[in-house]
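Just below is one structure, and these are the notes that go with it.
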Amino acid sequence: MKKLVISVLLILITGGAVWFLSDVPEFTPTETGAFRPTENPAYNTEPPSENVVHREPSANFRFFYNQLNADEQEIYRTLRDGLMNTEPSIQVMSDDLDVVADIFERIFWDYPEIFWATGAAQTQLVTRLIGQSYINFMPTYTHLGDEKNAIQVIIDARVEAFLATVDHGLSDFEVVLAVYEYIISTTAYNLDAPHHQNIISVFVHGESVCAGLSKAAQLLLNQLGIFATYVVGDAFIYGHDGPLPHAWNLVNVDGNYYHLDVTWGIPSFSEDSDITDRITILYDYFLVNDSMVAATHHLRHGVVIPPATSIRNNFFVVNNMFHDTVDETVLLNALTASIDANQPSATLKFANQDLFQIAQPLLLEQLIFTAAEPRARELGLQRIHFRFRAKENLNMMTIYWVWEFGN
């Protein structure tokens, strides 16, 4: 009878190791079965509310307009109305070019539906001999007349088709999840996508970058009665040495603010090529709080948004993948459940860096092998390949199960 040899191959970016069956450590829980730091912040981890809230689109979602004073709001309305009417020159009663330019940019943050203007403009300061000076603001338009109307018809059809699929009885969390997964499943990340700074790229071409993706999410969520605004800043992006300009969303779910980054949900944006063929959607930045997003995202100076402090509706919290202790039994059960459910991977997110650093060697040197051994014996495999992605800045690890038959 041929002797069965089982090994576990763990592949890392920095190296690898081969584990044979005799090398797999025994699983021996600690006396308490858990480790909890003495100073661990309190987390609100109650499940999301099941109360169904009646939602309607609201003008109150024009977040940046509501931050302006009365005089600035008048300038905002003048510029907005001119953009909506595609006026070639908009006269603004002000002599402060910097203030008017800032207000002009905020309109695009509030109105993702404006796809026919680039956000750029030429300006001309006119000083009267008697009376107040004014600025001629001349926006750059990319689509006018019949062309603009034709594109609007396509966008409206795509938006309405998606909205029709969303059950009005869904919770806030479920609505945001539906929008998030829809955009990611229908849009590829492409730096060369046409019109990638607006929603044309998503709803017409199916290729975009962070600006188009965030505006599409904002538009759909606002249409569904969920507050979402456009956020700009910098982010440390996979494959780049320093921060790059980036955009994402701030949303309100069950009365709490969260950051939502659709772009980071597209595997090809943030993962190496060896990982992207195993996954279709990531949830790293699905409803995260300020401290979670701060690991990689920084707001642009001068942009003010309300604090996001809750993790109640974070994807990993809701799906029991968030750990505020290092409990060996709990972690082993999570890995085993993933294997038993034939899931391609198992993700574990920890509340802080101390917990992650304790859990990482425990997982890599012991628990994943203990979890994998029964399936290996069951399948009669000679070798099992594991891949994993450790994201230390996010305190999380994903183990990818790669079951392969040997000779």
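Computed from the coordinates by the stated procedures, all read-outs in this text should not be read as laboratory data. These numbers come from a predicted model, not from an experiment. Using ideal geometry, Cβ is built from the backbone for each residue, glycine included, and neighbour counts are taken over all protein chains shown.
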Seminar exercise, completed: Taking a ≥ b ≥ c as the square roots of the eigenvalues of the Cα gyration tensor, with a/c under 1.5 meaning rounded and otherwise prolate when a/b exceeds b/c and oblate if not, the range 328-384 is prolate
Exercise. Can you give the charge dipole size of the range 252-407 about its Cα centre, rounded to the nearest 20 debye, using +1 on the beta carbon of Lys and Arg and -1 on the beta carbon of Asp and Glu?
Worked result: 180
Exercise. Along the three principal axes, how long is the range 216-255 when you take its alpha carbons, biggest first, rounded to the nearest angstrom?
Worked result: 38, 20, 14
Exercise. For the range 109-233, max minus min Cα coordinate along each principal axis, in Å, sorted largest first?
Worked result: 61, 30, 28
Exercise. Any number yet on Rg/Rh for the range 181-253, C-alpha, Kirkwood?
Worked result: 0.98
Exercise. Which whole-percent values make up P(r) of the range 63-142 when all C-alpha to C-alpha distances are grouped in 10 Å steps starting at zero?
Worked result: 19, 55, 23, 3
Problem set entry | Cα-based Rg and Dmax for the range 254-407, where Dmax is the largest Cα-Cα distance (Å) | 17.0, 62
